[in-house]
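Participant: Once you've had a glance at the structure underneath, I'll fire off some questions.
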Amino acid sequence: MGPTKRTLRLRLLAATGTLLLLAAACDSGGGEPTTTAPADSSSPTAPATTVAAAPDDRMEVVLFDVSELVKDVRPGVVTVTRTEVSIGMFGGASEQQSGTGTGIVFDEAGLVLTNFHVIADAERVFVIAEDGAPRPARVIGGFAGTDLAVLEIDDMTGLTPLALGSSEDAEVGDPVIAIGNALGLDETQPTVSVGIVSAKGRSLPTNTGVQLEGLLQTDAAINSGNSGGPLLNAQGEVIGVNTAI
């Protein structure tokens, strides 16, 4: 993976004219700013110290830039689709795509992690990477209680396993990245969203009656189709599997 922190530094130019920084000052909304006296002043009307900033002074704001990280991890994120057989009104059977989600390549042997609900009741399962070619996948196992399933594919061309991190090491407020086939917009180009770890140890009931425990909560945008995709830390390590909105 790339460097542990990547930052984009934006320089914000001060507005034309003189910028006054008022110590402990409050803008009253009209007229002169209200100021408070220093604590050691004997005069209740003594003004607070003001500092004039030159027009060419600049402030630097540090943002969380994930562009290089996304390039690094992209070969380890795939789309997972499932098909089901439906019977027509005249008795004919046809196989149709019945759902889509996301998968995480985590083994050189072709093992892919996803959500159990993504592949449940599937007749066949396929994995799609950047090349757009559907790769047949075998369901190795799954457990509804954790909403996790493991698939296996034979063709690993262009795919690279992602490193697994530890959710135990994650702290509330840490930056995270979610990647997945959000809304099924493009099977070959997943959507990326950024947020923080909002809470740990959450529980969530599902519509199947299963209670999921020990979840991470994030404010990174998660949509239908993100299911099974990775939640990454700033080092590009998988610390969670996106499972619910």
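Participant: Can we say Val139 is among the β-branched types (Val, Ile, Thr), closer than 24 Å to Ala244 by Cα and under 25 Å from the mean Cα position of the chain (by Cα)? Spell out how you get there, then give the answer.
Facilitator: On the way: among the β-branched types (Val, Ile, Thr): yes; closer than 24 Å to Ala244 by Cα: yes; under 25 Å from the mean Cα position of the chain (by Cα): no.
Here the answer is no, as Val139 does not meet what is asked.
Participant: Are any residues in region 153-175 closer than 25 Å to Thr81 by Cβ, surrounded by 16 or more Cβ atoms within 10 Å (Cβ to Cβ) and touching a strand residue (DSSP E or B) at 6+ places or on another chain (Cβ under 6 Å), and if so, which ones? Walk me through it before giving the result.
Facilitator: Our first condition is that a residue be closer than 25 Å to Thr81 by Cβ; within region 153-175, this holds for 153-162, 164.
Next, only the ones that are surrounded by 16 or more Cβ atoms within 10 Å (Cβ to Cβ) stay: 153, 156, 159, 161-162.
Listed by number, the residues that qualify are Ile153, Leu159, Pro161, Leu162.
Participant: Checking the condition touching a residue at least 24 places away in the same chain (Cβ under 8 Å) and in contact with a Leu (Cβ under 9 Å, 6 or more places away or on another chain), which residue from Val197, Val192, Val172 passes?
Facilitator: Numbers: Val192 fails: in contact with a Leu (Cβ under 9 Å, 6 or more places away or on another chain); Val172 fails: in contact with a Leu (Cβ under 9 Å, 6 or more places away or on another chain).
Matching residue, one of Val197, Val192, Val172: Val197.
Participant: Right, something else. For region 112-141, name all the residues that are within 18 Å of Ser227 (Cβ to Cβ), open to solvent by less than 50 Å² (accessible area, probe 1.4 Å) and not in a loop (DSSP other than H, G, I, E, B).
Facilitator: Within region 112-141, Val112, Leu113, Thr114, Val118, Ile119, Val125, Phe126, Val127, Ile128, Ala137, Gly141 qualify.
Participant: Please go through region 192-213 and give me each residue that is part of a strand (DSSP E or B) and either within 17 Å of the chain's Cα centre (by Cα) or surrounded by 12 or more Cβ atoms within 10 Å (Cβ to Cβ) (or both), ordered by number. Give the derivation first.
Facilitator: Initially, region 192-213 is screened for residues part of a strand (DSSP E or B), giving 192-205, 211-213.
Within region 192-213, Val192, Ser193, Val194, Gly195, Ile196, Val197, Ser198, Ala199, Lys200, Arg202, Leu204, Leu212 meet the criteria.
Participant: Okay, next question. Among the listed residues Asp147, Asp174, identify the single one that is farther than 24 Å from Asp107 by Cβ and out of contact with any Lys or Arg (no Cβ under 8 Å at 6 or more places or on another chain).
Facilitator: That would be Asp174, the only listed residue that is farther than 24 Å from Asp107 by Cβ and out of contact with any Lys or Arg (no Cβ under 8 Å at 6 or more places or on another chain).
Participant: Could you check region 117-128 and list, in sequence order, the residues that are modelled with pLDDT of 95 or more and of a type outside the set (Val, Ile, Thr)?
Facilitator: Phe126
Participant: Give region 145-188 a look and list any residue that's in contact with a helix residue (DSSP H, G or I) (Cβ under 9 Å, 6 or more places away or on another chain) and not in a strand (DSSP E or B), or say none. Lay out the reasoning, then the answer.
Facilitator: Within region 145-188, the first condition is being in contact with a helix residue (DSSP H, G or I) (Cβ under 9 Å, 6 or more places away or on another chain), and the residues that meet it are 145-149, 151, 158-163, 177, 179.
The answer is Gly145, Thr146, Asp147, Gly158, Leu159, Thr160, Pro161, Leu162, Ala163.
Participant: Can you say whether Gln189 is under 21 Å from Arg74 (Cβ atoms), open to solvent by 40 Å² or more (accessible area, probe 1.4 Å) and of a type outside the set (Gly, Ala, Ser), as far as the supplied structure shows? Full working, then the answer.
Facilitator: On the way: under 21 Å from Arg74 (Cβ atoms): yes; open to solvent by 40 Å² or more (accessible area, probe 1.4 Å): yes; of a type outside the set (Gly, Ala, Ser): yes.
It is true that Gln189 is under 21 Å from Arg74 (Cβ atoms), open to solvent by 40 Å² or more (accessible area, probe 1.4 Å) and of a type outside the set (Gly, Ala, Ser).
Participant: Any idea which of (1) within 11 Å of the chain's Cα centre (by Cα); (2) without any contact (Cβ under 8 Å) to a residue 24 or more places away in the chain is the one Ile179 doesn't satisfy?
Facilitator: The single condition Ile179 does not satisfy is (2).
The values are calculated or read from the model by the stated rules, or taken from the named source; none is laboratory data. These figures come from a predicted structure and were not determined experimentally. Please note: Cβ atoms are built from the backbone with ideal geometry, for glycine as well, and neighbour counts cover all protein chains shown. Keep in mind that these areas ignore ligands, DNA and RNA; they rest on the heavy atoms of the full protein, side chains included. Shrake-Rupley method; radii C 1.70, N 1.55, O 1.52, S 1.80 Å.
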